[in-house]
Amino acid sequence: MSRLSRLLCWSGPRLGSRLAGILALLVGMAGLAEAQLFRGTVRSITTAIPIPEAQVTVRDSLDDVLASAVSDSTGRFTLRLRRVPEGSVYVQARRLGYEVVRTGEARIGRGDSVEVELLMTEVPATLEAITVRGMHSLNEKRLVDAYRRGWQVYEPERVAQHQSRAADMVQLLRSMGTPSLILPRRIDDCVRNTRTGECLTWVLDGQILGPSAFILPTDVYFFAVLSPSEARVEYGNRAPNGAISVYTRSATDRPTRRR
């Protein structure tokens, strides 16, 4: 004739000693030296509400699974061992959003059954911190890159102060002051390097335009003057004497201070 015993199980180290005492008492009173069938309920430790779809397993002392089941909508489960283990066993429950809970270990035998109540503690979900950074516009990236390369940069704020009064790029250069450049006094002349006297190459948004080009000043976001060596590194033989690299503004560009 089978014997029926009840195991109360809860999570947390504070109650471990109490669990061991209750298990010892149950073993002594009900003769839990042998058992074969496990039935029980999975509940919330705080609300006593049944927990469905919890994965319940019986495991031996080596943590091998001897039987498994899933709790139903009322939190009930039944576990029948296929073989009688040689050593002690325990019952464990897992459920997403709850701490893993288990009973203490006890020896079981053939023909006996155990009633188990597994009390689970809810765990709040935690997410990794997410850092949101504002996206830089293309021209902001170009400006940072120009500073990094060591070019002589004429910032967007300075350009914005002068561009509305200039009819062409030469007038813009003259009003802003460009000591490293020789500005032409004739329409058919070019902007020259003060050290070499050679014509500089105009570059618009990365595209080579040559020594002579028309660029509308009001379209300019910022520009940079490149020395001959800097221009050769950036543009090769297409700009052997230096360059004026101009970047036009987009609808989202605003004059910003250098950081």
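Where a number appears in this text, it was derived from the coordinates with a stated rule and is not lab data. Please read all numbers here as calculations on a predicted model, not as lab measurements. Every residue, glycine among them, receives a Cβ derived from its backbone with ideal geometry; neighbour counts consider all protein chains shown.
The length gained by stretching the chain between E115 and S180 to full extension, at 0.36 nm per residue less their Cα-Cα distance, is 14.2 nm. With a Förster radius of 22 Å applied to the C-beta separation of V70 and R39, the computed FRET efficiency comes to 0.95.
The length gained by stretching the chain between Q207 and A167 to full extension, at 0.36 nm per residue less their Cα-Cα distance, is 12.2 nm.
Summarising the label geometry, the points placed 7 Å from Cα in the beta-carbon direction at I49 and R80 lie 3.3 nm from one another. Compute the FRET efficiency between L62 and V123 as 1/(1 + (r/R0)^6), taking r as their Cβ-Cβ distance and R0 = 25 Å, and round to the nearest 0.05. Computed FRET efficiency for L62 and V123: 0.40. Simple spin-label estimate for S229 and T194 gives 1.8 nm between the two label positions (7 Å along the Cα-to-Cβ direction from each Cα).
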